[in-house]
Each structure stands twice: as structure tokens, then as C-alpha cells.
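The values are calculated or read from the model by the stated rules, or taken from the named source; none is laboratory data. For clarity, every value in this text was computed on a predicted model and none was experimentally measured. As a convention, Cβ positions derive from the backbone with ideal geometry for all residues, glycine included, and neighbour counts pool all protein chains shown.
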Amino acid sequence: MGKVWNAVRAQFNKLANWFWTRDPIAQMQLEYDRAVEQMKEGRKGLEQYRGLVERVNRQVVDGEKRVQQLTAKIKAYLKAGDRATAGQLAIQLQSAEKDLAENKEQLKLHEAAYQNNVEKIKHATKKLGQVREKIQKYEAELKMSNAEAELARLSQTFNFDVTTDFGQLEQVIQEKIDLNRATVRVASDLSSEGVEEIKAEKALEASQAEDLLAKFEVDMGLKTPESTKIETSVKALGPEEAVAEEDKAITAASKQTETN
């Protein structure tokens, strides 16, 4: 059970430390407010203590008056020859002087204690003012340091370093751009692949077909071998010119057939 209790206390202490360090300015403000409340209570106590000092002071003043009155009466009775009454008053005077001396001593002590407490409260009030200024200063410095830290992080982020989020996003964007460009290039290359070979092959087939038609025309007696030079011309021409010549030859052969 002891271990369990220690573990629970450790967790509570951990939680308390987390709250304690979460907002130190608020903690300082709380301590300051507590000190102000204690100062108010101390001032009330000082006021009550001053009341005690004033009461003792009044007792001293009253004692001095009584001593003076008794002294005057004793002198008057001695002059009148009434020594018995003067003797009784002398005993009262002795007791009054003793009480007066004690009250004066108490007044001296209470007055010194009161002045000491006044000085302490004045000093504490001055310290509280300094603490309040420190709290305001620390709060401003803490906010400024937080802002500077945020700006530092943003400055590092905006450097577009590959280790930052912006740098990684930029790299992803560049990779997408490269991929899109690669797709376009592949599509372009595939669209033009073999076009010239296909054209050349078609031209060759057309030339071979023309040669065969020319042989048929010679065999059928439509043309003489000397007038048939299509094979030579086709071989000398390029693919596009060969196709054009092939069209012309087919058109001429068709007209010759219709005439016959």
C-alpha cells in the first residue's frame, strides 16, 4: 500500500508540476495576488495594533494627570496640617506612579514594535511594486520570445529546405510536374513512332502495284515496253511523289481502257 500511495503521489506531483510550468506568468500573478491579500490582512492587524498603542498612550496620559492631581492634593493637605489624609494620598500616589512607569514602558515597547511593523509593510509594499513590474516585464518578454521563436520557425520553413514541410511539398509538386511532362513526352513519342516507316512502306506497295499494272498493260498490248518507265520513275521519286505519280498512272490507264 505504501508503494501504491507513493506512486499515486508521484503522478499527482507530476500533474502539479505540469500545471505549474504550463503558464508561469499566471503562477507569478497568483503569488502576487496572495501577497497583496496578506498585505491587506497585515495592514488590518497593524491598525488594530495601533489601537492598542493609542490605548496605552491614553493610560499614560491619564496616569500623568492622576499623579499631578495626587501630588497637588498631598501638598494642599500638608499645608492644611492634615497629615493623615496626605499620607493616604501619598500611598495612592506611589501606586499611580508605579502604574504610570509600567504604562510608559509598555508604550515605549508597543510604539517601537508598531514602527517596526510599519517599516516592514512599507518595505513589503515596495517589493510588491517591484514584483508587479517584473511580472509585466516577464510577460512582455515571454510573449516577445514566443513571437521570435515562431518567426524563426517560419523563417526556416520558408527556406524551402527539403527537411521542412514547405520543402517537402515543393519536392512533391516538382515530382508531379516532372511526371506530367514525362507523360506528355511519352505520348508525343508514341504518336510519331514509325510514321515515316509506315509512309515508306505504303509508297513501296504503291510502286510495286504500279509495276504490276504496267506489266499487265504491256501483256494486254495496251502499252509498249518502251513507253512504260513507271518503275524507274517510282524508284527515283520520294514516297509522296511516288504516290502522286501512281495516281496519275492509274488515271491514264483508266482513260486508255475506256478509249479501247
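Please indicate, with yes or no, whether at least one residue in region 119-141 is modelled with pLDDT of 80 or more and over 30 Å from ALA26 (Cβ atoms). For region 119-141, residues modelled with pLDDT of 80 or more and over 30 Å from ALA26 (Cβ atoms): present.
Per-residue answers, yes or no, for (1) aliphatic (A, V, I, L, M); (2) assigned by TED's automatic domain parsing to the domain that holds SER145; (3) closer than 30 Å to GLU139 by Cβ; (4) loosely packed, with under 14 Cβ neighbours inside 10 Å:
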residue	(1), (2), (3), (4)
ALA26	yes, yes, yes, yes
GLN48	no, yes, no, yes
GLY63	no, yes, no, no
ALA80	yes, yes, no, yes
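Taking (1) loosely packed, with under 15 Cβ neighbours inside 10 Å; (2) polar (S, T, N, Q); (3) modelled with pLDDT of 85 or more in turn, GLN59 satisfies each apart from (1). None of LEU89, LEU107 is assigned to a helix (DSSP H, G or I), within 30 Å of GLN48 (Cβ to Cβ), hydrophobic (A, V, I, L, M, F, W, C) and in contact (Cβ under 8 Å) with a residue 12 or more places away in the chain except LEU107.
Using the structure shown, decide if ARG132 is basic (Lys, Arg) and either surrounded by 13 or more Cβ atoms within 10 Å (Cβ to Cβ) or not assigned by TED's automatic domain parsing to the domain that holds GLU54 (or both).
So ARG132 fits the description; yes.
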